[in-house]
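The values are calculated or read from the model by the stated rules, or taken from the named source; none is laboratory data. Owing to the predicted nature of the structure, the values given are computational and were not obtained by experimental measurement. Cβ atoms come from the backbone with ideal geometry, glycine included; neighbour counts cover every protein chain shown.
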Amino acid sequence: MPRSIEGYAVIGDCRTAALVGDDGSIDWLCAPRFDSASVFGALLGDVEQGAWLLRPADAAAVASRHYETDTFTLVTRWSTAQGVVEVIDLMPLGNATPDGDGRRTDVIRRVRGVSGRVPMVQELRVRFDYAATLPWVRQVGTVDAPELLAVAGPDALVVRGPRLTATGHAHRSAFDVGAGDTVDVQLAWFAAHLPMPAALDVDAAIATTASWWRGWVSACIEPGAYDAEVRRSLLVLRLLTHEDTGGIVAAATTSLPEDFGGARNWDYRYVWLRDAALTLESLIHHGFTHEAEAWRQWLLRAIAGDPADVQIMYGLAGERRLPEWEVASLPGYEASVPVRVGNAASEQYQADVFGEVMIALDVTRHAGADDDAFSWSLQLALLAEAERHLDRPDSGIWEIRGPERHFTHSRVMLWAAFDRAVCAVEHDGRTGPVDRWRDVRAALAERIERGGFDPALGSYVQFEGTTEVDAALLQLAQVGYVAYDDPRMLGTVARIEEMLIRGGLVCRYRTEMEIDGVPGDESAFLACSFWLVEQYAHSGRLDDATELMDRLLARTGDVGLLAEQADPRTGRQAGNTPQALSHLALVRAADAIAHARGDAAPGASASVARGARG
């Protein structure tokens with residue numbers, strides 16, 4: 001049975017990632033990309049779906065974990081009756097491997113003796129292709145340098161370290177580690193048609209990888225509040241950014257359930273324009289302009305072509321076909337089925353993405369990116385496409401699988417798209433039909449106020465014709481449609497507090513109203529809870545903002561990671577992990593609190609200063 005979701009730490013090489021349980025088992029690894037098939041899939045089943053355990057033999061051993069400062073080098077310190085050891089887990093970055101071109105995926109597990117003499121056990125189960133394929137495994141090394149090679153179809157991996165011997169369909173080893181001893185284990189995935197990659201210089205790989213992470217995060221402009229949590233969140237966003245393409249995946253996993261035992265299990269290993277655009281803003285506001293420019297180029301490549309074909313999400317390199325299918329070989333996290341690969345939401349119409357793209361390009365323009373003729377002409381085409389569909393209902397930000405509706409949030413994001421276009425002409429020297437854009441913006445605002453605001457309730461509503469609210473309405477102030485302290489916004493917050501808060505955290509909407517076309521319930525949504533922190537901070541409720549922020553940060557687990565949701569009854573994290581949207585919302589919330597306190601660092605408050613336009 002897998003660990004609790006918060007019991008997993010992540011390591012990664014900015015091409016893919018592995019989840020390491022607090023029991024010492026790597027239960028999830030896809031290679032060579034985030035969206036590749038799994039090599040270890042116990043996260044969505046049990047050890048028979050693939051796992052790699054490395055820990056003391058003492059079943060009573062007690063573990064504590066931390067990341068080495070400003071890195072994804074995970075240190076697990078094991079205390080046993082025989083002594084103390086540390087296991088150091090990391091994935092070397094490309095420049096720490098001989099080829100550095102993504103043709104190999106490496107994991108290093110170093111065991112370091114601290115005191116006494118500790119018996120260790122290693123158990124390896126390789127299961128390629130989402131546990132559908134059992135590889136052919138053989139010994140290929142020497143007595144002095146053991147190597148275990150596993151091959152099946154296009155996949156191969158080699159493990160170097162203490163000799164592993166077969167026991168059924170697993171391979172095991174046992175060895176002792178004394179004080180001052182170091183035992184290294186290396187795993188390298190590679191394409192089976194290529195030569196087996198050489199062993200790494202482990203000392204050099206560890207040092208180079210730590211130096212890279214620390215060098216990257218050293219550019220961070222800290223907000224002046226929750227600095228350590230902000231730095232860790234920005235590191236997570238960088239880990240989820242694919243080194244070669246610049247695409248930012250929404251999470252490192254698929255099908256971790258929003259409802260334990262239920263069917264709300266989705267594949268998040270793709271690039272949502274919405275999430276990536278918001279990530280880009282946070283990166284820019286904290287000084288990471290290089291990554292922002294890389295993502296801007298990814299965006300322009302992905303959406304190039306007929307604007308009618310713009311999707312809400314793409315593959316890591318901008319792939320458009322993401323067919324959704326069910327994986328019978330993985331029984332699901334705590335039997336939550338189906339396990340899905342691909343995402344049918346890629347075929348939905350979600351009107352808000354026009355606003356997200358225009359806002360992102362507006363932010364990058366103001367950060368100094370070259371808004372060249374290609375970029376602006378593409379924005380003009382997107383605006384024309386958006387204008388053709390102003391009256392079209394959509395599936396909304398939450399990818400409703402029920403009937404399309406006129407969601408208020410979607411209409412506001414369309415408003416934001418034309419607002420940023422108007423501002424580009426009025427303030428940034430761009431050319432376009434600004435008078436028509438002003439008229440469209442005004443007409444959208446009139447419709448929002450007529451159909452999306454309920455005067456009797458004093459609140460905006462989820463969609464036209466309902467009295468329900470939606471936590472996405474918290475973004476109305478973020479994009480500048482209304483002020484944070486506008487009475488309409490405050491009334492909406494009051495309704496969200498009344499209807500959507502469970503266990504002190506915010507749910508996206510009331511699933512019992514059955515608007516989303518999916519059975520079951522879901523947990524509280526962490527990003528929405530951070531959005532409420534931001535709203536509180538900007539509307540004079542700093543004490544409430546701080547209290548909610550601290551409650552949320554208490555859910556991060558021992559290594560500071562956040563999944564998509566949290567069960568308000570038990571406190572367990574739920575949904576895919578680590579989740580980019582949760583971490584970037586944390587960053588925005590910290591920025592807002594620092595801004596409200598008056599101690600925000602220069603530049604770090606930019607994300608909260610945007611918005612009183614139009």
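Taken over the stretch 567-611, residues that are more than 17 Å from residue 281 (Cα to Cα) and either surrounded by fewer than 23 Cβ atoms within 10 Å (Cβ to Cβ) or modelled with pLDDT under 95 (or both) amount to 10.
Using the structure shown, decide if residue 454 is touching a strand residue (DSSP E or B) at 6+ places or on another chain (Cβ under 8 Å), modelled with pLDDT of 95 or more and farther than 24 Å from residue 399 by Cβ. Yes: the conditions hold for residue 454.
For the stretch 154-173, which positions are in a loop (DSSP other than H, G, I, E, B), farther than 13 Å from residue 190 by Cβ and in contact with a strand residue (DSSP E or B) (Cβ under 7 Å, 6 or more places away or on another chain)?
Filtering the stretch 154-173 down to residues in a loop (DSSP other than H, G, I, E, B) leaves 154, 161-164, 168-169.
Narrowing further to those that are farther than 13 Å from residue 190 by Cβ: 161-164, 168-169.
Selection gives 161, 162, 163, 164, 169.
Residue 179: outside the structural domain of residue 94 (by TED's automatic domain parsing), touching a residue at least 40 places away in the same chain (Cβ under 8 Å) and among the small types (Gly, Ala, Ser), yes or no? Spelling it out, it is not the case that residue 179 is outside the structural domain of residue 94 (by TED's automatic domain parsing), touching a residue at least 40 places away in the same chain (Cβ under 8 Å) and among the small types (Gly, Ala, Ser). In the set 163, 125, 214, only one residue is charged (D, E, K, R), at pLDDT 95 or above, closer than 30 Å to residue 283 by Cβ and outside the structural domain of residue 238 (by TED's automatic domain parsing); that residue is 214.
Scanning the stretch 103-154 for residues that are in contact with an Asp or Glu (Cβ under 6 Å, 6 or more places away or on another chain) and of a type outside the set (Val, Ile, Thr) gives 109, 110, 112, 113, 117, 119, 128, 141.
Here is a yes/no grid of residues against (1) farther than 30 Å from residue 519 by Cα; (2) buried (at least 17 other Cβ atoms within 10 Å of the Cβ); (3) at pLDDT below 95:
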{"residue": "379", "(1), (2), (3)": "yes, yes, yes"}
{"residue": "396", "(1), (2), (3)": "no, yes, yes"}
{"residue": "401", "(1), (2), (3)": "no, no, yes"}
{"residue": "406", "(1), (2), (3)": "no, yes, no"}
{"residue": "411", "(1), (2), (3)": "no, yes, no"}
{"residue": "421", "(1), (2), (3)": "yes, yes, no"}
{"residue": "427", "(1), (2), (3)": "yes, no, yes"}
{"residue": "436", "(1), (2), (3)": "yes, no, no"}
{"residue": "439", "(1), (2), (3)": "yes, no, no"}
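Only one residue in 85, 107 is at negative phi, in contact (Cβ under 8 Å) with a residue 12 or more places away in the chain and over 27 Å from the mean Cα position of the chain (by Cα), so which one is that?
Details: 107 fails: over 27 Å from the mean Cα position of the chain (by Cα).
Going through 85, 107 in turn, just one is at negative phi, in contact (Cβ under 8 Å) with a residue 12 or more places away in the chain and over 27 Å from the mean Cα position of the chain (by Cα): 85.
Residues that are surrounded by fewer than 16 Cβ atoms within 10 Å (Cβ to Cβ), more than 19 Å from residue 407 (Cα to Cα) and in contact with a strand residue (DSSP E or B) (Cβ under 8 Å, 6 or more places away or on another chain): does the stretch 472-488 have at least one? No; the residues of the stretch 472-488 include none that is surrounded by fewer than 16 Cβ atoms within 10 Å (Cβ to Cβ), more than 19 Å from residue 407 (Cα to Cα) and in contact with a strand residue (DSSP E or B) (Cβ under 8 Å, 6 or more places away or on another chain).
Only one entry of 464, 512 meets the criterion of being without any contact (Cβ under 8 Å) to a residue 24 or more places away in the chain, surrounded by fewer than 23 Cβ atoms within 10 Å (Cβ to Cβ) and at negative phi, and that entry is 512. Residues in the stretch 293-326 that are outside any helix (DSSP H, G or I) and of a type in the set (Val, Ile, Thr) were compared, and the one that is surrounded by the most Cβ atoms within 10 Å (Cβ to Cβ) is 312.
Can you find a residue that is over 21 Å from the mean Cα position of the chain (by Cα), assigned to a loop (DSSP other than H, G, I, E, B) and surrounded by fewer than 23 Cβ atoms within 10 Å (Cβ to Cβ) anywhere in the stretch 29-45?
Applying the first criterion (over 21 Å from the mean Cα position of the chain (by Cα)) to the stretch 29-45 yields 45.
The next check asks that each one be assigned to a loop (DSSP other than H, G, I, E, B); those that pass are 45.
Pick out the ones that are also surrounded by fewer than 23 Cβ atoms within 10 Å (Cβ to Cβ) and you get none.
No, that holds for no residue.
I need the full set of residues from the stretch 342-389 which are part of a loop (DSSP other than H, G, I, E, B) and free of Cβ contacts under 8 Å to residues at least 24 places away in the same chain, in order please. Passing the criteria: 370, 372. Taken over the stretch 189-204, the criterion of being buried (at least 17 other Cβ atoms within 10 Å of the Cβ) and either in contact with a Ser or Thr (Cβ under 7 Å, 6 or more places away or on another chain) or not hydrophobic (A, V, I, L, M, F, W, C) (or both) is satisfied by 189, 197, 200.
When the residues of the stretch 132-147 are filtered to those that are of a type in the set (A, V, I, L, M) and under 33 Å from the mean Cα position of the chain (by Cα), the one that is nearest to residue 42 (Cα to Cα) is 132. The condition of being among the basic types (Lys, Arg), assigned to a loop (DSSP other than H, G, I, E, B) and either buried (at least 19 other Cβ atoms within 10 Å of the Cβ) or in contact with a His (Cβ under 9 Å, 6 or more places away or on another chain) (or both) holds for only one of 238, 274, 264, that being 264.
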